[in-house]
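Every number in this text was worked out from the coordinates using simple rules, so none of it is lab data. Please read these numbers as outputs of a predicted model, since none were measured by experiment.
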Amino acid sequence: MARTSCVSLVFFLHVVLVFPASTCLGLSKSKHSKKHHEVAFFIFGDSYLDAGNNNYINTSTLDQANFRPYGESYFKFPTGRFSDGRLMSDFIAQYAHLPLIPPFLQPGFRHYSSGANFASSGAGALVETFQGSVIDLKTQLRNYKKVETWFRHKFGDDEAKMRLSTAVYLFSIGTNDYMSPFFINSPIFKFHSHSQYIRMVIGNLTTTIQEIYAGGGRKFGFINLPTLGCFPGLRIIKAENNGSCLEEVSSLAKLHNQALSKVLKKLGNQLKGFKYSLYDLNYNLRQRTIHPSKYGFKEGKSACCGTGQFRGVFSCGGKRIVKEFELCGNPNEYVYWDSFHLTEKAYKQLARQMWSGEVVSSKAMGLYNLKDLFRDL
């Protein structure tokens, strides 16, 4: 009897010692059947989100910010971002515990598991917007398709599909489509009504969303257009306006935002699993422009960097058409960094609202905030 017990004990110890790893692995596998992975972050749009793609294309300094004093507050050197520091997308990445997402065109950047930034300063939803000088939305989508292929090669079809379905896709596009006709005196509105033109812009954005959805994308974030005519650079376009906002372009932005809201609701009803966040930049930036002190700023209308009235002449850094520029002593006191773009402080405030979904407008702007989307819903 004792011998039988001893043999049994030896056999039991042998099993435990020989197979502990496989047993534990089996338990681990059942407990963690869903692999944990970071949520990828893909960024599309214009200078409000461009982390430096335009550094690597053949364009002019009108669409580049790779010279001082850009980047001075945070990076201490110019990165290509149109600000003194980080952009909204940079803060969103940090809130999501991701690294800052590099520009897709950055040399040596070939590992996309955390995402990629495709945005291009000056870009629009229309190919014709500043054509030849920027990476338009259609080309940004083409670049994303290359990353989609990378995911399939790296992880296999099933895991790639899963990763792309949990990724978050952020868009800020349309500003340049509506501003460019006023800069280049385009006759576009002689041939198209405002509503027709807006339908073209929204149509191209919708096509991009649908193509990403077809490839597996399900979670989207959108930033609507600000009151464009109140940019320092647009207040000075018409001398007869005496520094007031350029209502012609602001009205286009308003109509665009109404159309965007409608099409997103429509897509939400049509596309199974489609989730979106729509941030009301129009309302929130306007509040900071009108009531800067309420948000910790001293100046809401004039830019920190530039020259002329409101520092609205786009000369920050002295590398563009006009070489003279003035630089404020403290960017944190300003909402606007240059004639068209915001300071890091302003971007941080806006990004925090985008992330947490604080109630700051009477209008419901989507069922989710970005924090919700980065969770594995």
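Please give the Cα centre distance for the stretch 302-345 versus the stretch 64-124, rounded to the nearest Å.
With the stretch 302-345 and the stretch 64-124 each reduced to a Cα centre, they are spaced 20 Å.
Between the helical axis of 344-356 and the dominant principal axis of the chain, each derived from Cα atoms, what acute angle in degrees is found, rounded to the nearest 10?
50
Note the angle between two axes, namely the Cα long axis of helix 247-270 and the longest principal axis of the Cα atoms of the chain, as a number of degrees from 0 to 90, rounded to the nearest 10.
That works out to roughly 20 degrees.
Beyond 28 Å, how much of the Cα-Cα pair distribution for the stretch 27-184 remains, as a whole percent?
That tail contains 24 percent of the Cα-Cα pairs.
In whole Å, what are the extents of the stretch 57-119 along the principal axes defined by its C-alpha atoms, from largest to smallest?
That works out to 31, 26, 16 Å along the principal axes.
How far, in degrees from 0 to 90, does helix 194-214 lean away from the longest principal axis of the Cα atoms of the chain, to the nearest 10?
The helix 194-214 is inclined about 10 degrees to the chain.
For a quick check, take a GNM of the chain with Cα springs below 10 Å and name the residue from 108, 52, 217 with the largest mean-square fluctuation.
108
Taking a threshold of 32 Å on the Cα-Cα distance, which of the pairs 254/323; 190/262; 145/265; 138/348; 319/345 fall above it?
Violating the 32 Å Cα-Cα cut-off are 254/323.
Using the alpha carbons of the chain, what is the convex hull volume per residue in cubic angstrom, as a whole number?
Normalising the Cα hull of the chain by residue number yields 182 Å³.
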